[in-house]
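Quick notes on the structure that follows.
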Amino acid sequence: MSRLRQFFAGRSFSGDKATRKKLLLSLLATTVLVSAVIGVTAGVKSRRDSSSGDGDSAALKISGAHAIARSSCSSTLYPELCYSAIAGSLDGGKKVKSPKDIITLSLNVTIAAVKRNYASIGKLLADDKGNFTKREKGALKDCLETLDETLDELETAIDELNEYPFKKSIEAHADDLKTLLSSAITNQETCLDGFSYNKADRHVREVFIGGQVVRVEQLCSNSLAMLTNMTKKDAEEERKLNAGRKLTATDGGWPEWLSAGDRRLLQSSSVTPNVVVAADGSGNYKTVAAAVAAAPEKSSKRYVIRIKAGVYRENVEVPKKKTNIMFVGDGRTTTIITASKNVVDGSTTFNSATVAVVGEKFLARDITFQNTAGPSKHQAVALRVGSDLSAFYKCDILAYQDTLYVHSNRNFFINCYIAGTVDFIFGNAASVLQDCDIHARRPNSGQKNMVTAHGRTDPNQNTGIVIQKSRIGATSDLKSVQKSFPTYLGRPWKEYARTIIMQSSITDVIHPAGWHEWSGSFALNTLTYEEYQNTGAGASTSGRVKWKGYKEVRPKPDVTVAADGTGDVTTVKMLKKKSKTRFVIYVKAGVYKENVLLEKAHWNVMIYGDGAAATVISAEKNGVATFDAATSSVSIS
């Protein structure tokens, strides 16, 4: 390596800027290639040295370790990389007795690779002589940030794996471990995505960082696949042992990881803050960023920052070391944090966020997060969330394209209002939006609105967007012209995108097809898009896309009613009484001219059809009291 440094030192780069940039990138690529060759050579030498062992006994031990490794790696997406990456360690005398040991080896190899990438990118930035654009430098800094987070996640995963399966339930262990590795994979994608805006950006990606970052992503994927395979088997055994035991229910739909104390903080009419932010100088700090900077690091206790009514024009980041932070505003219409960073003006999407939260267990309530860049500035994020176990209550999140970036980890939104245009809820977190108002707004001419764009890249990632018991509609500026701007529930940003819309009200702003492709047939067979028990003019699934990955989830019917004779019966009538379990009646599309009576004896009945416009129960009953004249009458205790 010192010879390479001498070679660079003895050369002066002449010519125009583009030529110098290409030459520099080529030389840097050569540096990476040489480093890789040195690493491979060292690995081969290590294996050769260890092969002169103690005869048949050593050979049998090595054979057993290799057999476990081969078996474990067979469950991965990249089995040859999985095995070759750890093969040298198998011959080093380390005890390998189980798939858990193989996963630990794989994680250690991945950590070493991440450290090399971090050092290489750091050197590239330090040695830059103006060869990179503002956005390219920003993207490299994004890579450093996400690689740093990846190191923490992988090291935490090893600690968690060392405690497996004794500290908590198998399923809890599995969920935490999967979250860590899913986030590590997402971080590599984020690094690469920073170089996707134009040809010059993509050139930097291809020449320098692409191969090494992709390799780390694949190594993370392999660890995740082996972990998923191992924990799945163990969880099945745990469920058998726990059969018949009562499970603890969550309270009111809140996620079980959100403590009772935090739920009270989110809903309480009075919260005592640690510090106060006031733009008029009446608090401890004038800016939110200053209050965050002064907050304790790695706090195990809740640290509350009250943000008084006012408009705070700033970009705020809650970094990973700032844990257990809570923002409390004076009201979603009065406490507003706003900025306007965007891609057109040279930012990356990742770094455009008005507020970005990474430190775990972040909470926020009664605040507006806003990006005012506008639809012509393309990607411009109001709120980015990478904080694990984070929750937002009664918050407004307002922008246009890419409003809410649910980047990674586990997060929860309740009673929030989200408005935007293109892909305005996007990312690769495990996110639940419950009892929220989600509104498309008027985009630029020729644009289509996409409510979601999920970014799952690996089938083993435990990520997805769930919109539950919410209301999907349009802002006032879009309603009058919505026919000119088609709006869809989502499109697949990445290959294994996963989105579920359930028990929500959907207005006619949503196109009958429901969903839109990203580019041609990309991801249409691998995505997971599901709809369940939605209502409203835009909820009918009769005109939905016919992709392999899309389905309407319906309860299994006990009885199917079909006017055309293709079901069990041809009229809507009750066939079971006093059922202790749910009795489901599916009424197929058609017009049913009859009166239906659900009496007190009819317990636990559920009736569902093919959509409000497709399944119609209609009748006329004259000469009787109003109550008796109802087409459908319910009298259930």
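For residues that are in a loop (DSSP other than H, G, I, E, B) and either of a type in the set (Val, Ile, Thr) or closer than 18 Å to Ser196 by Cα (or both), scanning just the stretch 354-372, find the one that is most open to solvent (accessible area, probe 1.4 Å).
So, considering only residues that are in a loop (DSSP other than H, G, I, E, B) and either of a type in the set (Val, Ile, Thr) or closer than 18 Å to Ser196 by Cα (or both), the one most open to solvent (accessible area, probe 1.4 Å) is Thr372.
With Ala539, Ala563 as the choices, which residue is in contact with a Lys or Arg (Cβ under 9 Å, 6 or more places away or on another chain) and either assigned to a loop (DSSP other than H, G, I, E, B) or open to solvent by less than 40 Å² (accessible area, probe 1.4 Å) (or both)?
When all the criteria are applied, what remains is Ala563.
Looking at Asp159, Asp175, Asp148, which one is modelled with pLDDT of 95 or more, farther than 30 Å from Glu237 by Cβ and assigned to a helix (DSSP H, G or I)?
Asp148
Would you pick out the residues in the stretch 329-346 that are surrounded by fewer than 24 Cβ atoms within 10 Å (Cβ to Cβ) and among the small types (Gly, Ala, Ser)?
Gly331, Ala339, Ser340, Gly346
Scan the stretch 90-133 for residues that are acidic (Asp, Glu), in a loop (DSSP other than H, G, I, E, B) and either surrounded by 13 or more Cβ atoms within 10 Å (Cβ to Cβ) or in contact with a Cys (Cβ under 8 Å, 6 or more places away or on another chain) (or both) and jot them down. Can you show your working first?
Step one: of the stretch 90-133, the residues acidic (Asp, Glu) are 91, 101, 127-128.
Still in the list and also in a loop (DSSP other than H, G, I, E, B): 91, 127-128.
Scanning the stretch 90-133 gives Asp91, Asp128.
Would you please name the residue that is least open to solvent (accessible area, probe 1.4 Å), looking only at residues in the stretch 494-527 that are of a type in the set (Phe, Trp, Tyr) and part of a loop (DSSP other than H, G, I, E, B)?
It comes out as Tyr496.
Could you check how many residues of the stretch 394-437 are among the polar types (S, T, N, Q), in contact with a Gly (Cβ under 8 Å, 6 or more places away or on another chain), over 19 Å from His516 (Cα atoms) and buried (at least 24 other Cβ atoms within 10 Å of the Cβ)?
Result for the stretch 394-437: 3.
With the requirement that a residue be among the hydroxyl-bearing types (Ser, Thr, Tyr) and in a loop (DSSP other than H, G, I, E, B), what does the stretch 478-493 give you?
Ser480
When you scan the stretch 145-175, how many residues do you find that are within 22 Å of Thr349 (Cβ to Cβ) and open to solvent by 30 Å² or more (accessible area, probe 1.4 Å)?
Counting residues in the stretch 145-175 that are within 22 Å of Thr349 (Cβ to Cβ) and open to solvent by 30 Å² or more (accessible area, probe 1.4 Å) gives 2.
Might you let me know whether the stretch 441-455 holds any residue that is open to solvent by 40 Å² or more (accessible area, probe 1.4 Å) and either under 16 Å from Leu527 (Cα atoms) or among the acidic types (Asp, Glu) (or both)?
If we filter the stretch 441-455 for residues that are open to solvent by 40 Å² or more (accessible area, probe 1.4 Å), which is where we start, we get 441-442, 444-448.
Now drop any that are not either under 16 Å from Leu527 (Cα atoms) or among the acidic types (Asp, Glu) (or both), which leaves none.
No, the stretch 441-455 contains no residue that is open to solvent by 40 Å² or more (accessible area, probe 1.4 Å) and either under 16 Å from Leu527 (Cα atoms) or among the acidic types (Asp, Glu) (or both).
Select, from Asp234, Asp193, Asp176, the only residue that is more than 16 Å from Leu144 (Cα to Cα), in contact (Cβ under 8 Å) with a residue 60 or more places away in the chain and acidic (Asp, Glu).
Only one candidate passes the filter, namely Asp234.
Which count do you get for residues in the stretch 264-276 that are part of a helix (DSSP H, G or I) and surrounded by fewer than 18 Cβ atoms within 10 Å (Cβ to Cβ)?
Qualifying residue count, the stretch 264-276: 2.
Can you pull out every residue in the stretch 458-515 that is of a type in the set (Asp, Glu) and either out of contact with any Gly (no Cβ under 9 Å at 6 or more places or on another chain) or at pLDDT below 95 (or both)? Don't jump to the end; show me each part of the working.
From the stretch 458-515, those of a type in the set (Asp, Glu) are 458, 477, 495, 508; that's our starting set.
Answer for the stretch 458-515, where residues must be of a type in the set (Asp, Glu) and either out of contact with any Gly (no Cβ under 9 Å at 6 or more places or on another chain) or at pLDDT below 95 (or both): Asp458, Asp477, Glu495.
What is the residue count in the stretch 75-110 for residues that are of a type outside the set (A, V, I, L, M, F, W, C) and under 27 Å from the mean Cα position of the chain (by Cα)?
Adding up the residues that qualify gives 9.
Got a sec? Which of Ala294, Ala243 is more than 20 Å from Phe412 (Cβ to Cβ), at pLDDT 90 or above and surrounded by fewer than 16 Cβ atoms within 10 Å (Cβ to Cβ)?
Within the list Ala294, Ala243, the selection yields Ala294.
Out of the residues in the stretch 542-552 that are in contact (Cβ under 8 Å) with a residue 24 or more places away in the chain and assigned to a loop (DSSP other than H, G, I, E, B), state the one that is farthest from Pro492 (Cα to Cα).
Per the stated criteria, the residue is Ser542.
Report yes if Asn222 is in contact with a Ser or Thr (Cβ under 7 Å, 6 or more places away or on another chain), touching a residue at least 40 places away in the same chain (Cβ under 8 Å) and open to solvent by 20 Å² or more (accessible area, probe 1.4 Å), otherwise no. Steps first, please.
Values: in contact with a Ser or Thr (Cβ under 7 Å, 6 or more places away or on another chain): yes; touching a residue at least 40 places away in the same chain (Cβ under 8 Å): yes; open to solvent by 20 Å² or more (accessible area, probe 1.4 Å): no.
Criteria not met by Asn222.
So for the stretch 570-592 (the condition being touching a residue at least 12 places away in the same chain (Cβ under 8 Å), in contact with a His (Cβ under 9 Å, 6 or more places away or on another chain) and of a type in the set (Val, Ile, Thr)), does at least one residue qualify?
Scanning the stretch 570-592 turns up no residue that is touching a residue at least 12 places away in the same chain (Cβ under 8 Å), in contact with a His (Cβ under 9 Å, 6 or more places away or on another chain) and of a type in the set (Val, Ile, Thr).
Checking the condition open to solvent by 10 Å² or more (accessible area, probe 1.4 Å) and either within 30 Å of His378 (Cβ to Cβ) or in a helix (DSSP H, G or I) (or both), which residue from Val214, Val204 passes?
It is Val214.
Residues in the stretch 342-365: is at least one on the phi > 0 side of the Ramachandran plot, over 22 Å from the mean Cα position of the chain (by Cα) and without any contact (Cβ under 8 Å) to a residue 40 or more places away in the chain?
Checked against the condition, which is being on the phi > 0 side of the Ramachandran plot, over 22 Å from the mean Cα position of the chain (by Cα) and without any contact (Cβ under 8 Å) to a residue 40 or more places away in the chain, the stretch 342-365 yields no hits at all.
Look through the stretch 574-600, keep the residues that are modelled with pLDDT under 85 and basic (Lys, Arg), and return whichever of them is most open to solvent (accessible area, probe 1.4 Å).
The first filter runs over the stretch 574-600 and keeps only residues modelled with pLDDT under 85, leaving 574-583, 595-600.
In the following step, the residues that additionally are basic (Lys, Arg) were identified as 576-578, 580, 582, 600.
Details: Lys576: 97, Lys577: 128, Lys578: 126, Lys580: 193, Arg582: 129, Lys600: 133 Å².
Here the residue is Lys580.
The values are calculated or read from the model by the stated rules, or taken from the named source; none is laboratory data. What you are looking at is a predicted structure, and each value in this text was computed from that prediction instead of being measured. Cβ atoms come from the backbone with ideal geometry, glycine included; neighbour counts cover every protein chain shown. The area values use the complete protein model at the heavy-atom level, side chains included, leaving out ligands, DNA and RNA. Shrake-Rupley method; radii C 1.70, N 1.55, O 1.52, S 1.80 Å.
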